[in-house]
Every structure is written in structure tokens, then in C-alpha cells.
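The values are calculated or read from the model by the stated rules, or taken from the named source; none is laboratory data. All of these numbers come straight from a predicted model, not from anything done at the bench. We place every Cβ from the backbone using ideal geometry, glycine too, and count neighbours over all the protein chains shown. We work out accessible area using only protein heavy atoms, side chains counted, and drop any ligands, DNA or RNA first. Shrake-Rupley method; radii C 1.70, N 1.55, O 1.52, S 1.80 Å.
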Amino acid sequence: MKYLLIVFCVLFFVNNITAQHENKGSDMPADGTLSGYVFEKESGKPIEFANIVIYSLRDSSIVTGGITDKNGYFNIDQIKYGKFFIEIVFIGYGKHIIPQIAIKPDNKNINLGKIFLVINAEMLSEVSIEADINQVDYKLDRKVINVNQDIMSSGATAVEALENVPSISTDIDGNVSLRGTESFLVLVDGRPYPIQGSEALQQIPASTIETIEIITNPSAKYDSDGVGGIININLKKEKRKGYNGQVSANYGTFNTFGGDLLFNLRTERINFFVGGDYSDRKFQGDGKSLRESYFADDSTYLLNTYSSSYRNFKSGSFRLGLDYYINDKEILTFSGKYGLRGHGMGSETWAGSYYDYSGIYDDFYYYWTRSRMSANRGYFSGDLNYMKKFEKEGHELQVYGSFADDFDNEENIYDEIESNYMRDSVGDVLSKYRTIEKGSGSTMTGKIDYVLPIFTKGKIEAGYQIKYSINDNDYRYQTLISEIWTDDSTRINPYLFSMNIQSGYLLFANYWNKFGYQVGLRTEYTDRLFHQTTSDQKWEYNKFDFFPSLHISYQLPADMQLLASYSRRLERPRGWYLDPFVEVVDPNNIRQGNPNLLPEYTNSYDLSMQKKFGANFISLEAYLRQTYNKIDHIMLISPDDPSIFITTFDNTGEDLSIGSEIMANLNLTKWYNLNISGTGYYYELTSTNYNSGSTFSWNARLNNTFRLKKSGTSIQLGAFYRGPSISAQGTQSGNFVGSIGIRQDLLDRKLSISLNVRNAFLTMKHEHIHETESYYLYTLRQPRLPIISISVTYKINDFKTRKEKGLDTKEDYGEEEGL
């Protein structure tokens, strides 16, 4: 906890500087308060992060201000006596103006009651003003990506929408890392999703997403899974009465195509939504590798490979849901999802191997390997949510239940053909085999959450959750015998993997002067069982864990915000991480899990500050992450065959990341937005059995967005660089990617046509070196062509084009005569 002392020292310093600044003013008492609630007029929902700015009536200078919490509540204290006017603003809504209030000894505590903001359709339809809706917004505890503003993600998925976000990095396979780890929790509309990790993000079309929230330090209210934090995807849903919809289609490089449909109907009591999507995405690439294996007699085994590959991802999903407003205080929501996913992959690899006997080369062997993989996966999920709001504002009860079911079938076929150093096929098939893996699983979740407001500004939150999952898997290795695929009885591996997690949490939040704080504790009991059914071996794991969280906010002047936070999180090993059975991945690689693998734990500390300049802002974030029992992929040479690598998993040790992120969002003109961000961090890895080391790395992003009002044309130019990094067994080189996006709006912005080019300069790559005392491995993979796509979106009765306008409103509070 020593790092929390640093946070408190920073807050103390800021507090003293602010106090000194305030003492330079007049001696007028500063014991006035201003409070109230901000809601959306149409739906009645509270608006979080609305800005309340207090101006001096005399010279229009900013006096102080604040923001609303998730209940729409704000309370600004230590206001000096005087006359003021108030502005309540939030992007996309009409400005609410209170032209005059008077705070004085006999009227120093002013409650504005409920303030309603109206959606400003005119604002949202103006291209020149739309530039003020930032592609990435910083809230105190999260980053919010407004996907509609990212032209380059049109016709793509959530992965591409995240490429331009600080804290996030992606690779050529569509894998997403959050602050260096691929362990994060995916939520959709704040609820668990049937699939997790990068695979979930690859399935969700960007055109169906309203916003994506990146939460690096969640409170104890959330599941502890995912050491990187939470990625929450908010899907598009109409907020106003009536109907609306959206139809999108796309086509791109390698005959990639897809489409999606959204429809929403809102009445007085019912909100019905339905959507579907289909995607067929293809990629082609080339690669090479060099492998050296070292032996005790000073001989070396060398293997060179050159490959060409293709990947094909097919997915389709259907979802529907219903919000039923029982009355003004109770809402019942049902939703269901069904999806199918197909993954095809193939490669042709030429390999040449030989031995180096102290300068004498011998035992040359050349061959071609052809591999084909096909996988079919599917899922179904349904959930039911009941929300009860009591008479007192912020007093709530929520009960949630869900069920998810999935299946997974995968087939891999490999042929090995004799070749020569000219890479010609010179013989028959030397060997042919296939592996089949089938699995299915179910997950059931039930939870209850309760919020009780206490004191003037405080609240207590408590909840309980039970989550049970069970998965069965069956692996088989087969060879051709008399043209019939036949099981190898020594390579059959069925297993069961179950996990029962029960958790409870308690949160307390309050405000004191300019400080806000939230203290939370979550406890989770894990009951894990891995059962290898052929041998009847069982590995059990049972443990209580505790996950504290702390969030401290400090209210600076109205255009500045400061937050310090701490949380503890974990990554639980997946079932195949634990499987001790040896499974063939391809002719040169096998996989073996580690049944004694422990969970990975991370302590995460954040300190963030944001300063606004009208529609512009600069944000600065510092972070420190300590990880224990770090889980890593480990590569070992097979003792039976030097051409084969064994991939396994181990708790390699501890690591430490200390870094900072800075982002500037500048609307330099009405038609030009510049968004630039950078991350620099120090990384240290400490291991007893593997490589230890440290490095300093950095990455940078640049986005230029041009919006031409009269023509309805938008252009986005982006670039990203990721610096080199280290791991327990090697290093990864830096990577640069440049992209271009153009969007043309037609028919009063009902129709949009977009053209995107990703990897425009063919610089995207995955280049990695694994190195130990016993081997050296260099690998390089690159896409074959830039990824070009064209997409079309048509909006049906979209609220942004409605004629109703959100009007600025004015009210009077307080007396008009002098003090």
C-alpha cells in the first residue's frame, strides 16, 4: 500500500495549492452550496458526467463547478457569497441556463431540484458541430470511445474501433491487449457476454456499437476477472418514442463481406429491440522462421521455414430484447442472443533442416507441410433483469439472472510431403494425420445488487453473485488406415472442467468538502475442478480471495478533474491451460497444460487528471501495476525430437509496470480535429526459472479528422507506433501502422458511404524472438496486402434527423436584489 501514500501526497499538494489560490481572493465567506439532479427529459434517465459551471454575474469569469454522478446528482460547496449564472451542459443535449442566482447568508444552500436536458437533434445533425463530439472522451474512471466518430472502423469490428485508443494495442491476428495483457473482462451493456476476450470483440460489428468504455480500475462491485480491467460495449438503442433502425453492408479485400440490421420500437411502456449480423472476413499473409536448438555435445539443430497462409472468419448472430416499464419505478428487461462462428485457416510451409556438427553440416531434410483447420462454434444466452427504484432518489434494487450455452468443434488436417532445397515436391505424402476436438459448456449466473443513499451525499452498495460453469472437451488424434480415419488409442483426451464462484461485495461512497471517496471490498470463493476422465485424475482448487478497491476524487476548478484509484484483480487459468495431456498442434508443435497453475493477481494504481478548454481537453494518467504469479506461455524443446517445440504454461514470477499516458484532443477549427496520444512505461520482469529483465517502451497515436460541412465529407488519417517489448523468454519488435478513412454522408445524413484502408503502407507485422540457453527462435508474419473495405449504412427514422430540437432553457433561482 506504499504507493497509496504517493497518491495522498499528490492530493494534499493540490489541495494546498488550491487553498493558497483561494486565500488570495476576498474575505467573503465560502460556505454556500448548490445541488440538484440532471435528467434526460424524454426518458427520465439520469445523465452522468454533465458539467455544471458557475460564472460570476459581474464579469462572466468561472468561479467553480462540478459534474454529476451516475444518479445525475451534483453538489458543489464552498461557494462564496455573490451573484452568479449557471450553465448545465452535456454533449448532444441543449444547454440549460440559469441566468441568475444569489447566494447570501440567509439563502446560502440552494437546491435546483430536477433539471431536464433535451436531446438536441439540430446539434447532432450539424456536421461542423459534430466534430465537438470527440472520438475518445476521458471520464474520471474510464475512457469512452464514441464509435460513430471513428471513420476507420466503418465496416469492421470492435477490435478496429479500439485501435485508436490509449491503453489498447492490437496485433495482426485481431488480438487485443489492455495495458499489455490480453486478460480483461468483456461486458455488453454492462452485462456478461457469452464469449470473452478478443474473440468476443472480433464478433461484434462496429456499426452496432454506440460507445465502448475502458475501465482500468473497476470498483469492487464488478467481477474480479481480467487483470487488465473491463471493456464494456454499449450497443445502439433508441431512447425516444417511435421506431428507428439501421442497415449496414460492407465489402473488402480478399472478398470479405458482411452486413447487419438493427430495429428499435419504443412506446409508453415497452421498448423492443432486435438485431442481426453476418460477417465473412478473409486474410492472407506470409511468414518465415529460423530455429536453432543447442545440445550438450556442441552440435546445433537448425530449421528454416517459409510459409503462406490464409484465415477465414465467418460469424452470424441474432439478438432481441424487451424493456417493460411496469410503472415509473420498476423496469423488467429480457434479452436473448444466438450466434454461430466459423473459423477456417490453412497454410503451406516449406521447411529445411540440418545439423551443424562444429562446422560440419549433415542430415539435411526438406519437406512441405500443408495444414487445414476448420472450426465451428455456437452459443445461446438469455438474461432477465428486474430494476426497482424506491421513492428516495438513488435508492435501488436490481435482480439479475442469466444462462448461456455454447459448443465448439474443431478439425485439423496435416500432410507432410518430401521436398528439396529448390522447394519442389519430389515424393509422395510422407505422413498424414488429423486432430479432432469437440467441446460444450454451460454457464449460469444469478446476482442481486442494492443501493441505499445515506447522509446527504453518501451511499452504501452491496451485492451477492453466484456463477457456475461446466465444460466438457474431447480430443482425438487420428491417422489414415486403409483410407479410414482411425483413433490412436494412446492419444484420446476427454476431460471435464467446472468452476463455482460465489462472491459478495460492499461499497461505501461519500463526499467531504471537495473530496469524494469510495471504499469497497469484494470477496470471492472459487471451487475449481479439472477431471481427466480417461485416467480419472482430478485436480481441485479451492480458495477465498479478497479484492479491495479505493477511488478518491478531488474537485479542482470547473475545467479540471482529478481521480486516484486502486483495485486488485486476477486472471483464472482456462481449462486447456490446466490439461496435462500432450496434444499435437502441428508437425512442429505440441501443447501440454499445467494442472498446478495458480491464478495471476494484479495490484493496480491509477492517478488521472483532465483539463478542458471549451471543446478541447488534455488528459494525463499515471499508473502502476504489480503482478504476482504471472501466467506466461512457455516454449521448451522436446527431449525426443529437436524439431518439436512443447508449449506449456507456468507462473513465471512477478512483473512491474510504471507508466503514463497523455492525450490531447484539439478541435482546432470547426472542420479539423487533432487527436494525439502517447504512452511511455517502464517494465520489469523478475523470474527465478526464466529470463529476468527490464525495458522502457512507448507507443504513440495520431489521428487527423477533417469534416467538410457543405459537402458532407469526412476524412480521417491515422498512424500508430508500438515500441519493442520483452517477455519471459524473449522480445517483440516495434510495429507501425498507417490507416486512411473517408466517409460521405448523403440524403440529409441518412445514408453514409465509407472507404477505409488499414495497413496502408504494408508495415504491419508480428516479429518475435524467443531465446533461452537451449534454443533460439525467430518468427516473422505479415499481411500480404493492405486491408481495403467499403461500407454503406442507411439510418431509418434516426433521432439525429428528427425535426424536434433540443432548446436551451433558462430559469431564475434566488433573489435579484443586491446582498
**Prompt:** So how many residues does the range 220-243 have that are of a type outside the set (D, E, K, R) and open to solvent by 20 Å² or more (accessible area, probe 1.4 Å)?
**Reply:** 5
**Prompt:** Applying the selection to the range 645-683, what residues are aliphatic (A, V, I, L, M), open to solvent by 40 Å² or more (accessible area, probe 1.4 Å) and in contact with a Ser or Thr (Cβ under 7 Å, 6 or more places away or on another chain)?
**Reply:** Ile662
**Fill in**
Exception for Gly394 within (1) open to solvent by less than 30 Å² (accessible area, probe 1.4 Å); (2) in a strand (DSSP E or B) falls at (2)
**Prompt:** Are there any pairs, at least 6 apart or on different chains, whose C-beta atoms fall under 7 Å, with the first in the range 485-509 and open to solvent by 60 Å² or more (accessible area, probe 1.4 Å) and the second of a type in the set (S, T, N, Q), and if so, which?
**Reply:** Trp485/Gln478; Asp487/Gln478; Leu496/Thr533
**All positions within the range 539-563 that are assigned to a strand (DSSP E or B) and of a type in the set (D, E, K, R)** = Glu540, Lys543, Asp545
**Asked** Can you name the residue in the range 706-724 that is hydroxyl-bearing (Ser, Thr, Tyr) and open to solvent by 40 Å² or more (accessible area, probe 1.4 Å) and, of all such residues, is nearest to Gly678 (Cα to Cα)?
**Response** Tyr721
**Message:** Pairs please, first residue from the range 155-176 and over 30 Å from Tyr794 (Cβ atoms), second anywhere and of a type in the set (Ser, Thr, Tyr) and modelled with pLDDT of 85 or more, Cβ atoms under 8 Å, 6+ apart in sequence or on different chains.
**Reply:** Pro166/Ser677; Pro166/Thr679; Ser167/Thr216; Ser167/Thr679
**Request:** Within the range 264-280, track down each residue that is touching a residue at least 40 places away in the same chain (Cβ under 8 Å) and in a strand (DSSP E or B).
**Result:** Ile270, Asn271, Phe272, Phe273, Val274, Gly275, Gly276, Asp277, Ser279
**Asked** Any idea how many residues of the range 517-538 are assigned to a strand (DSSP E or B) and within 24 Å of Asn471 (Cα to Cα)?
**Response** 11
**Prompt:** Where in the range 38-100 are there strands (runs of 3 or more DSSP E), lying wholly inside it, with at least 3 residues that are closer than 16 Å to Phe613 by Cα and under 33 Å from the mean Cα position of the chain (by Cα)?
**Reply:** 51-56, 62-67
**Request:** Restrict the check to the range 566-577 and report whether at least one residue is in contact with a strand residue (DSSP E or B) (Cβ under 7 Å, 6 or more places away or on another chain), more than 30 Å from Ile637 (Cβ to Cβ) and open to solvent by 40 Å² or more (accessible area, probe 1.4 Å).
**Result:** yes
**Residue identified as farther than 18 Å from Gln555 by Cα and either of a type outside the set (Val, Ile, Thr) or surrounded by fewer than 17 Cβ atoms within 10 Å (Cβ to Cβ) (or both) among Tyr55, Tyr93** = Tyr93
**Request:** Could you look through the range 766-783, keep only residues that are out of contact with any Ser or Thr (no Cβ under 8 Å at 6 or more places or on another chain) and outside any strand (DSSP E or B), and pick out the one that is surrounded by the fewest Cβ atoms within 10 Å (Cβ to Cβ)?
**Result:** Glu773
**Asked** Within the range 785-813, how many residues turn out to be at pLDDT 85 or above and closer than 17 Å to Asp286 by Cα?
**Response** 2
**Message:** If a residue must be in contact with a helix residue (DSSP H, G or I) (Cβ under 7 Å, 6 or more places away or on another chain) and aromatic (Phe, Trp, Tyr), how many such residues does the range 668-724 contain?
**Reply:** 1
**Item:** Enumeration of residues in the range 419-477 that are of a type in the set (Asp, Glu) and either open to solvent by less than 60 Å² (accessible area, probe 1.4 Å) or not in a strand (DSSP E or B) (or both)
**Value:** Asp424, Glu437, Asp449, Glu461, Asp474
**Request:** With the checklist (1) touching a helix residue (DSSP H, G or I) at 6+ places or on another chain (Cβ under 8 Å); (2) surrounded by fewer than 15 Cβ atoms within 10 Å (Cβ to Cβ) in hand, flag the one item Arg341 doesn't pass.
**Result:** (2)
**Item:** Selection count, the range 520-550, where residues are of a type in the set (D, E, K, R) and open to solvent by less than 50 Å² (accessible area, probe 1.4 Å)
**Value:** 4
**Prompt:** Which members of the range 740-766 meet the condition of being over 20 Å from Arg701 (Cβ atoms) and either aliphatic (A, V, I, L, M) or out of contact with any helix residue (DSSP H, G or I) (no Cβ under 9 Å at 6 or more places or on another chain) (or both)?
**Reply:** Gln744, Leu746, Leu747, Leu751, Ser752, Ile753, Leu755
**Message:** Please go through the range 728-762 and give me each residue that is open to solvent by 40 Å² or more (accessible area, probe 1.4 Å), part of a strand (DSSP E or B) and more than 19 Å from Ala156 (Cβ to Cβ), ordered by number.
**Reply:** Thr731, Phe736, Leu746
**Sole residue being open to solvent by less than 20 Å² (accessible area, probe 1.4 Å), over 26 Å from Phe380 (Cα atoms) and among the aliphatic types (A, V, I, L, M), chosen from Ile212, Ile168** = Ile168
**Request:** Taking Leu480 as the residue in question, decide whether it is surrounded by 14 or more Cβ atoms within 10 Å (Cβ to Cβ) and in contact (Cβ under 8 Å) with a residue 24 or more places away in the chain.
**Result:** no
**Residue identified as surrounded by 17 or more Cβ atoms within 10 Å (Cβ to Cβ), modelled with pLDDT under 90, over 21 Å from Arg191 (Cα atoms) and hydroxyl-bearing (Ser, Thr, Tyr) among Ser358, Ser353** = Ser353
**Flag if Leu140 is within 30 Å of Asn703 (Cα to Cα), open to solvent by 30 Å² or more (accessible area, probe 1.4 Å) and modelled with pLDDT under 75** = yes
**Item:** Identity of the residue in the range 361-372, touching a residue at least 24 places away in the same chain (Cβ under 8 Å) and open to solvent by 20 Å² or more (accessible area, probe 1.4 Å), that ends up farthest from Gly439 (Cα to Cα)
**Value:** Phe364
**Prompt:** So, in the range 249-279, of the ones that are surrounded by fewer than 17 Cβ atoms within 10 Å (Cβ to Cβ) and of a type in the set (D, E, K, R), which residue ends up modelled with the highest pLDDT?
**Reply:** Arg269
**Request:** Hey, can you tell me all the residues within the range 653-699 that are more than 26 Å from the chain's Cα centre (by Cα), among the aromatic types (Phe, Trp, Tyr) and closer than 25 Å to Tyr601 by Cα?
**Result:** Tyr690
